[in-house]
1. With a cut-off of at most 14 other beta carbons within 10 Å, and DSSP calling the residue loop, which trypsin sites (Lys or Arg not before Pro) in the range A:96-173 qualify? Please list them.
2. Of A:GLY158, A:GLY35, A:GLY14, which has the largest mean-square fluctuation in a 10 Å C-alpha GNM of chain A?
3. Classify chain B as rounded, prolate or oblate from the Cα gyration tensor: take a ≥ b ≥ c as the square roots of its eigenvalues, call it rounded if a/c is under 1.5, otherwise prolate when a/b beats b/c and oblate if not.
4. Just list whichever of A:LYS25/A:LYS56; A:LYS44/A:LYS175; A:LYS25/A:LYS61; A:LYS61/B:LYS356 have alpha carbons separated by over 21 Å in the model shown.
5. Net charge near B:GLY391, counting Lys/Arg +1 and Asp/Glu -1 over other residues with Cβ under 14 Å of its Cβ?
6. Once whole DSSP H runs in chain B are found, which of them have Cα atoms spread over 24 Å or more along the helix axis and a mean Kyte-Doolittle score of at least 0.5?
7. Compute the accessible area of each residue in the range B:327-375 twice, once for its chain alone and once with every protein chain present, using a 1.4 Å probe on heavy atoms, and list those whose area falls by at least 10 Å².
8. Quick one: if you stick a label point 7 Å off each Cα along the C-beta vector at A:ASN214 and A:ALA189, how many nm between them?
Amino acid sequence: MTATETERPAADTGTPVLSLRGIEKSFGAVHVLRGVDLDIYSGKVTALVGDNGAGKSTLIKGIAGIHGFDAGDYSFEGQPVTVHSPRDANALGIEVVYQDLALCDNLDVVHNMFLGREMLKARLLDESTMEQRARTTLDGLSVRTLQSVRTPVAALSGGQRQTVAIARAVLWNSKVVILDEPTAALGVAQTEQVLALVRRLADHGLGVLLISHNLNDVFEVADEIAVLYLGTMVAQVEAGEVNNSQVVELITTGQATGRSAGTSKGEGA
Amino acid sequence: MTTTDEQPMRQQSIGDAFGDYLTRLRGGDVGALPAMAGLVALVLVFTALSGSTFTNAFNFSNLILQGSAIAVFAMGLVFVLLLGEIDLSAGYTGGVTAGVLGILMTRHAWPWVPALVVALLCGTLIGLSIGLLVARLGIPSFVVTLSYFLGLQGLLLLETGAGGTIAYRNNEILAIMNNNMPVWLGWVFALVTIVAYAALGFARRVTRVRAGLATPTILVWVAKTAAFAIVIVAATAYLSKERSRNVFLASLKGIPIVVPIVGALLVFLTFLLTRTAWGRHVYAVGGNAEAARRAGISVAWVRISCFMMCSTLATVGGVLLASRTNSVNPQTGGAETLLYGVGAAVIGGTSLFGGKGRPLDGLLGASVIAVIINGMTLQGQSQGRVYIITGAVLLLAASVDAISRRRASASGRV
């Protein structure tokens with residue numbers, strides 16, 4: 001287990017690494033997801049946008065296995081899979097970086113990156129191997145903002161924390177990384193750093209799903225844009241095919257003028 | 001690749017190591033510094049006030065005996081404090097289980113080993129039940145352990161009978177707090193400790209150098225080992241002196257037997273917390289329970305196991321108390337035992353907010369408290385004043401904790 005994801009060649013980008021078809025999810029009487037389709041490609045950043053309450057969180061929680069979907073097909077690398085728990089998702093190589101990052105302030109960078117999955121030697125913590133691997137992963141992602149991996153996370157800036165959370169997600173030969181609003185709480189310079197990091201993840205061959213409210217960020221890094229509107233996936237298009245105002249229109253009304261339906265899906269089931 | 005990677009091995013000079021330490025201090029990570037400084041200051045003050053009555057070897061060993069039970073209670077409490085929880089019942093847990101040991105040995109004539117094992121298991125069981133109530137039922141630990149505090153106090157009263165005592169007559173158990181190691185064994189013990197400390201430090205260095213990780217210069221290791229060796233040798237030499245007031249009646253010299261016991265506990269508990277995955281999970285749950293849960297750590301089990309650890313160590317503390325007074329009475333583990341235990345952990349640097357603390361903190365804090373009690377009593381100060389000063393020191397330590405936390409969060413999130 002010395003190889004990191006950063007050393008893998010970019011996978012075939014023709015077929016999606018993760019594919020959802022006809023996903024349905026209800027919470028009691030509330031029908032949250034209505035026949036949602038979504039494709040995540042290796043080596044591409046797919047942005048998932050949508051207004052509050054469109055179902056973005058429900059969708060990523062379902063992908064991550066926090067709660068199952070009611071109906072629909074979930075396939076990973078072309079194979080149909082069932083994901084019932086976060087462990088199932090992790091085993092497939094799906095990692096989620098949540099908005100609140102879930103880092104322990106009192107532990108250092110290495111401890112946080114290996115939290116819950118500590119490497120052991122003779123049943124004891126193998127600190128030097130963990131430190132080496134953490135360093136290799138950060139270097140592989142060209143992270144220059146962290147001077148020492150033995151700094152407690154409490155002493156890191158918001159951008160550095162985000163970096164640690166993302167590095168933790170790619171440490172485990174993951175194939176798909178889902179980022180929930182990674183730039184929401186960051187300043188301009190740190191946003192740039194994190195977006196560059198997001199881009200590098202895709203360049204290293206990972207499939208990246210980026211949830212963001214900031215369309216500037218989306219257009220800066222995304223290859224594909226998927227728009228959720230009231231639980232329906234109204235479009236998944238290449239970023240180059242649409243402009244900012246069309247995406248805003250899709251987010252707010254579910255339709256875009258001056259654009260054919262194309263890959264978008266009509267009103268769902 | 002970062003620029004630092006071009007040099008395969010990163011050697012830090014002694015200046016770098018010292019600079020790192022200063023940065024950590026400024027960042028609010030004060031570690032053992034306040035407790036050490038306080039201890040030195042107190043020793044100087046009492047030496048100035050009382051002179052040789054305070055510094056003589058007899059009083060030194062007395063100090064160790066006074067502090068050791070507090071230290072063991074405090075080391076156990078560190079585990080629950082690390083989670084941001086509290087165990088108010090630790091004192092009486094010690095009393096009740098020391099009572100179990102006394103009943104088994106004295107009334108039922110059990111040999112001491114199985115009796116001690118049963119007493120320790122009783123402690124673990126008490127901790128298990130507290131942990132289950134806190135982690136599974138979700139009752140705040142303050143309330144659960146407050147109930148246990150009352151309940152166990154009652155149980156201890158039933159064990160001893162009103163105003164009665166359970167006598168300890170077993171020589172091995174009594175020896176812990178009343179006898180000393182032979183002088184030669186004390187020196188062997190001191191030497192083994194120093195060699196082990198040096199070897200462990202060196203082995204860690206070698207591993208880091210081999211792995212090509214940033215390593216402080218060898219001088220840091222030399223300085224640390226030398227300082228450690230000096231302290232151990234000085235303490236052993238002092239305790240090896242004849243301290244009996246009348247040598248012809250009874251000779252009194254050597255390291256008290258409780259010292260290697262507390263030392264071994266310190267090493268073992270530190271090892272558990274720093275070198276095992278379980279220990280890492282304890283810190284993680286104390287730092288951010290939600291993050292720990294999402295990382296797949298069984299938060300409930302970590303909680304339960306820490307309460308078990310605390311209560312088991314409380315049993316050891318209770319046995320030490322009973323060994324010193326030769327019996328268990330309705331006040332064993334009562335009165336200020338628990339408060340001194342919590343106080344010692346906090347004075348030593350363990351945070352009441354969770355996530356920060358070490359078993360060593362319990363030992364340092366207990367030393368501070370023992371020095372205050374001992375020094376003030378020698379000065380002929382009343383018990384009232386001792387309580388007031390101890391309270392003030394605890395408040396000071398809690399303030400240091402709060403301020404250092406504020407500094408830590410200020411130096412974080414830029």
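The values are calculated or read from the model by the stated rules, or taken from the named source; none is laboratory data. In this text the structure is predicted, and so the values were computed from the model without any measurement. Backbone-built Cβ (ideal geometry, glycine too); neighbour counts: all protein chains shown. Note: areas computed on protein heavy atoms with side chains; ligands, DNA, RNA excluded. Shrake-Rupley method; radii C 1.70, N 1.55, O 1.52, S 1.80 Å.
1. Values: sites: A:ARG117, A:LYS121, A:ARG123, A:ARG133, A:ARG135, A:ARG144, A:ARG150, A:ARG161, A:ARG168; in loops: A:ARG117, A:ARG123, A:ARG144, A:ARG150.
Answer in residue order: A:ARG123, A:ARG144.
2. With Cα springs under 10 Å in chain A, the top fluctuation among A:GLY158, A:GLY35, A:GLY14 is at A:GLY14.
3. Values: a/c = 1.65, a/b = 1.22, b/c = 1.35.
Oblate.
4. Numbers: A:LYS25/A:LYS56 12 Å; A:LYS44/A:LYS175 11 Å; A:LYS25/A:LYS61 11 Å; A:LYS61/B:LYS356 32 Å.
Beyond 21 Å: A:LYS61/B:LYS356.
5. Numbers: positive: B:ARG385; negative: B:GLU336.
The answer is 0.
6. Counting only whole DSSP H runs, the qualifying helices are B:33-50, B:57-82, B:112-135, B:141-160, B:183-210, B:218-240, B:258-275, B:299-325, B:359-378, B:383-411.
7. Those are B:GLY355, which lose 10 Å² or more relative to the chain on its own.
8. 1.5 nm
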